[in-house]
Amino acid sequence: MNKNKLLGYALGPVGSGLLGFISLPIITWFYPVEDVGRIAMLQVFMSFSVLFFCLGLDQAYVREYHEAKNKPALLKTVFVPCLTLSILSFLLLMLYNLEMVSKWLYEVPSTYLSIVSILCFVIALASRFLSLVLRMQERSYAFSMSQLLPRIIFILIIVNTVWLGVARNTYSLITANTASVILAFLVFAWNTRSEWLLALKEKIDIHELKSAFSFGWPLVFAGLASWGLNVMDRLFLRHFSTYTELGIYSITMSAAIVVTVFAGVFNTIWSPMVYKWMSKDEFDYEKIDNVLEYVVSAIYFFIVLTSLFSWIIPYFLPEQYSNVQYLITVCLLGPMLYTLSEVTGIGIAVVRKTKFSMLCAIIAMLCSAILNYFLVPRLGASGAAISTACSFLLFFILRTEISKILWRKKSHLKYFLIVSMLLFVSILNLLLERFRNEIYYIWILLFFIGFFIFKKQIHSVVIFLKVKLKNE
């Protein structure tokens, strides 16, 4: 992948991260913590509906794209069953009880909120498939701009709500989020019109659908298990704690996403890039080993530097969010470990043994449920953060070891020790309030140790930068 395309893919997550950083103080200063918790529930179940109704066919589309002779037909084959099932399911739900969705998600019985939420779910599903078209065509800038515009419109709506004196409550937040999702869909639809207009004329290939479903069905359960792994903390906070704790935790996760933008870039390009190497006989184990080393080093310094400078966060948030500075390091480890598992566990997808991805996710989800059950009632948001991070560590280890058995024998003990050490110190920093000054010196020590552990990668980066500066 050339530098221009890489920059294009980076534009979306980096820009979204910066816009998220702008919107974060606005929401926390002008909206109650409870409403922040409620919009977190919308986002949780929006991701659930996309995972469930995709039926694993979105991953089948990514896997088969480069080998498909008729790509528009492939799009229609995987998309139509998903959209049809989602619309029929939500129609039946609305016929049964219009207020049920709103009451269950927000504890606010409202027909309007239910309808808006369901619309958000269906549009997000359609956007998922259209975004994959841009991703697989490697139209990186179009893909990134479609990520940026929803953030921009969300900020504009929130700012205007505050400026015009409109009620700052759950209704305005849910409406703003839905408007941003609809905008994303319109942008995706325009940028992919040449593909889906051709797809409209094609017939669904039943044989291809069966093949795609055979690949994707284990990923339905794997996806749902991964969803459970990602949101179990918020579900337990909602049930065993308060919307206030849920709001604080959700803001911490939002802040964590801002500093993990590189993970979004990497996850977007990694799997398709490996599949492309394979389709063109460009596969080389050394490429994966090099990528792994750089990813681990980046994660290491992300975690350490965030811990060293997290004291800055309270300056941007109200006083009730002061604990975010200690939560954030633990919350960062979840998405980081998932990204790392994408590299070490790629062999599962390469050999098409996707049922093992399902197994890893289910075991990690059960671990998350057990830990959240015991820790959330006692520790609140801190217990949720610890439970999620430990579960993702288990997920990473399982995925790595199963990939090793199925595909390629390679020891990853070094990486297990590194991430376990980071998690251990992060948990100590979160729980041992009286010893945080001493633990701060441990983070400083780890920063310098990192230069020894990753001296080869640091040297390569320095050489690269020197060459770039010299050429310019």
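Coordinate-derived values only; no laboratory data. No experiment lies behind these values; they were computed from the predicted model shown. As a convention, Cβ positions derive from the backbone with ideal geometry for all residues, glycine included, and neighbour counts pool all protein chains shown.
Things to note:
- Neighbour-count order for ASP233, ASP289, ASP58, ASP205, fewest beta carbons within 10 angstrom listed first: ASP289, ASP205, ASP58, ASP233
- The alpha-carbon of LYS203 sits under 16 angstrom from the alpha-carbons of these aspartates and glutamates, leaving out residues fewer than 8 places away in its chain: GLU195.
- Residue ranges 420-430, 311-321 sort as 420-430, 311-321 when ordered by packing (mean number of other C-beta atoms within 10 Å per residue, highest first).
- Estimated D of region 205-472 in µm² per second, where Rh is the Kirkwood radius over Cα pairs and Stokes-Einstein applies at 20 °C, 1.002 mPa s: 108
- For region 205-472, a crude dipole built from +1 on the beta carbon of Lys and Arg and -1 on the beta carbon of Asp and Glu, taken about the Cα centre, is about 520 debye to the nearest 20.
- ³J(HN,Hα) computed for each position of region 369-383 - Karplus, 6.51 cos²θ - 1.76 cosθ + 1.60, integer Hz, glycine/proline x: 4, 5, 5, 4, 4, 8, 8, 4, x, 8, 10, x, 4, 5, x
- Proximal aspartates and glutamates to LYS409, defined as alpha-carbon separation beneath 13 angstrom and excluding residues fewer than eight positions away on the same chain: ASP289, GLU401
- Restraint check, LYS276/LYS466; LYS414/LYS456; LYS69/LYS353; LYS287/LYS414, Cα-Cα greater than 21 Å: LYS276/LYS466; LYS69/LYS353
- Per-residue Cβ neighbour counts within 10 Å put TRP443, TRP407 in the sequence TRP407, TRP443, beginning with the fewest.
- Furthest towards positive pole of dipole, THR339, ILE118, TRP163, structure part the chain, Cβ charges: THR339
- Take the Cα of GLU67, step 7 Å toward its Cβ, do the same at MET421, and the gap between the two points is 4.1 nm.
- Kirkwood hydrodynamic radius of region 1-204, Cα pairs, Å: 18.2
- The chain - mean residue ellipticity at 222 nm from DSSP helices (-39,500 (n - 2.57) per run, n ≥ 4, rounded to 500): -29000 deg cm²/dmol
- Order of LEU132, LEU95, LEU224 under a 10 Å beta carbon neighbour criterion, fewest first: LEU95, LEU224, LEU132
- A protection proxy built from the mean count of other Cβ atoms within 10 Å ranks the segments 178-186, 194-202, most packed first, as 178-186, 194-202.
- Of the residues LEU134, VAL274, PHE52, the one whose Cα sits farthest toward the positive end of the charge dipole of the chain, with +1 on the Cβ of Lys and Arg and -1 on the Cβ of Asp and Glu, is VAL274.
- Using only side-chain charges placed at the Cβ, +1 for Lys and Arg and -1 for Asp and Glu, the dipole size of the chain relative to its Cα centre rounds to 1000 debye.
- In terms of the mean number of neighbouring beta-carbon atoms within 10 Å, the peptides 112-123, 333-344 order highest first as 333-344, 112-123.
- Over region 349-425, Cα pairs under 8 Å with separation of 6+ residues give a relative contact order of 32 percent.
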